[in-house]
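The values are calculated or read from the model by the stated rules, or taken from the named source; none is laboratory data. Computed from a predicted model, the values in this text were never measured in an experiment. Cβ coordinates were reconstructed from backbone atoms using ideal geometry, including for glycine residues, and neighbour counts include every protein chain displayed. All accessible areas refer to the heavy atoms of the entire protein, side chains included, with ligands and DNA or RNA removed. Shrake-Rupley method; radii C 1.70, N 1.55, O 1.52, S 1.80 Å.
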Amino acid sequence: AIAAYAAAFVPDGATLQTGIGGIPNTVAAILAEGPGSGYGIHSEMFTNGLMRLCQAGKVTNDHKGAFDGRSITTFAAGTSELYAWRDGREDVAFLPVDIVNSPENIGRNREMITINGAMSIDLAGQVIADTRGGAQFSGIGGHEDFIAGAGLELSDRSLICLPSTATVDGSLVSRIAPMSGAGSIVTTPRHQVDIVITEHGVAELRGRTVAERARALIAVADPAHRDELERAARSLGIVG
C-alpha cells in the first residue's frame, strides 16, 4: 500500500533514487509492471528493484540532465542475480560517492524522485532514519543528500516512506511521534522534508505551516493513535 502511494508520484521520464529496504524495492517493482517508461536512475545504491525496472525496458536514461545515457550509482546491494546481471554492463556506471551523492549533481536531474525509509518522524517533521533510542542502527548513507538534492528544484520530490506503527516489547507503537524522544538523533531536519507516506496515505509537508504539517502527519498515522497525537499536538502548542 505504501509503495502504491509512492509510485503515483513518479511521472514518465523521472529520474529515480531508491534507498534500502522493502518499500523502495516494491515501488520499483510496481513501476516495472506499470505503463510508465523513459525513467533514469541516479541512486547511491543499485538494488534488485532497479534491476527489474531495467529488465522491463523502463529505463532509458536519455533525458536525465546529468550523466545522460547511463544509470549512475556508487554500489550494488542485492542478490547474486543482481551481481551477475550487472557484470560487464556499460549502461550502469559506478562513480565515487562524492559525485553520486552531491546534492548539486542530484538536483541537475530532471524530475528527480527520491524514495527513502525512516524509523520514525515527529509532528514537527524531524526524521530519524539511522538510530533507535539514540543507539546507532544503520548508516546515514545518502538519506539526507538525496532529500536535500531533490529540494533544489520545485519539480523534484522526495518521498519518505514508513509503516505507521512498529512493535516494541510486544506493544504496537506509533512511528509518528509527538516529539522525538530525549537522546534521539535526527537524520534529516524538518525543513528538508517534502512528502511522508504510510499505509494510511500521503502527507505533503512542503510549503505548509507548522500546524498544517502536524495535522497532515496525524492524518496518516495509525487510526488507533490519532486522538493521542492530536491531544499531544494541542498540549505542545503545535496546533490550536
- Single residue of segment 117-138 satisfying the filter (charged (D, E, K, R) and in a strand (DSSP E or B)) that is farthest from Leu162 (Cα to Cα): Arg132
- Query: Any residue at all in segment 146-157 that is surrounded by fewer than 16 Cβ atoms within 10 Å (Cβ to Cβ), hydrophobic (A, V, I, L, M, F, W, C) and in a loop (DSSP other than H, G, I, E, B)?
  - Reply: yes
- Of all residues in segment 186-234, how many are open to solvent by 60 Å² or more (accessible area, probe 1.4 Å), in contact with a helix residue (DSSP H, G or I) (Cβ under 7 Å, 6 or more places away or on another chain) and in contact (Cβ under 8 Å) with a residue 12 or more places away in the chain? 2
- Note on the structure: Note: among Gly183, Gly237, just one is within 28 Å of Ala135 (Cα to Cα), open to solvent by less than 70 Å² (accessible area, probe 1.4 Å), free of Cβ contacts under 8 Å to residues at least 60 places away in the same chain and not hydroxyl-bearing (Ser, Thr, Tyr), namely Gly183
- In segment 83-105, is there at least one residue being touching a His at 6+ places or on another chain (Cβ under 9 Å), farther than 30 Å from Gly181 by Cβ and buried (at least 17 other Cβ atoms within 10 Å of the Cβ)? yes
- Report whether or not Ala4 is free of Cβ contacts under 8 Å to residues at least 12 places away in the same chain, among the hydrophobic types (A, V, I, L, M, F, W, C) and open to solvent by 20 Å² or more (accessible area, probe 1.4 Å). no
- helices (runs of 4 or more DSSP H) wholly inside segment 1-116 that include at least 2 residues being among the aromatic types (Phe, Trp, Tyr) and more than 17 Å from the chain's Cα centre (by Cα): 80-86
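Quick grid of which residues meet (1) open to solvent by 10 Å² or more (accessible area, probe 1.4 Å); (2) closer than 19 Å to Asp87 by Cα:
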{"position": "Asp12", "(1), (2)": "yes, no"}
{"position": "Asn25", "(1), (2)": "yes, no"}
{"position": "Ala28", "(1), (2)": "no, no"}
{"position": "Tyr39", "(1), (2)": "no, no"}
{"position": "His42", "(1), (2)": "no, yes"}
{"position": "Met45", "(1), (2)": "yes, yes"}
{"position": "Met51", "(1), (2)": "no, yes"}
{"position": "Ala56", "(1), (2)": "yes, yes"}
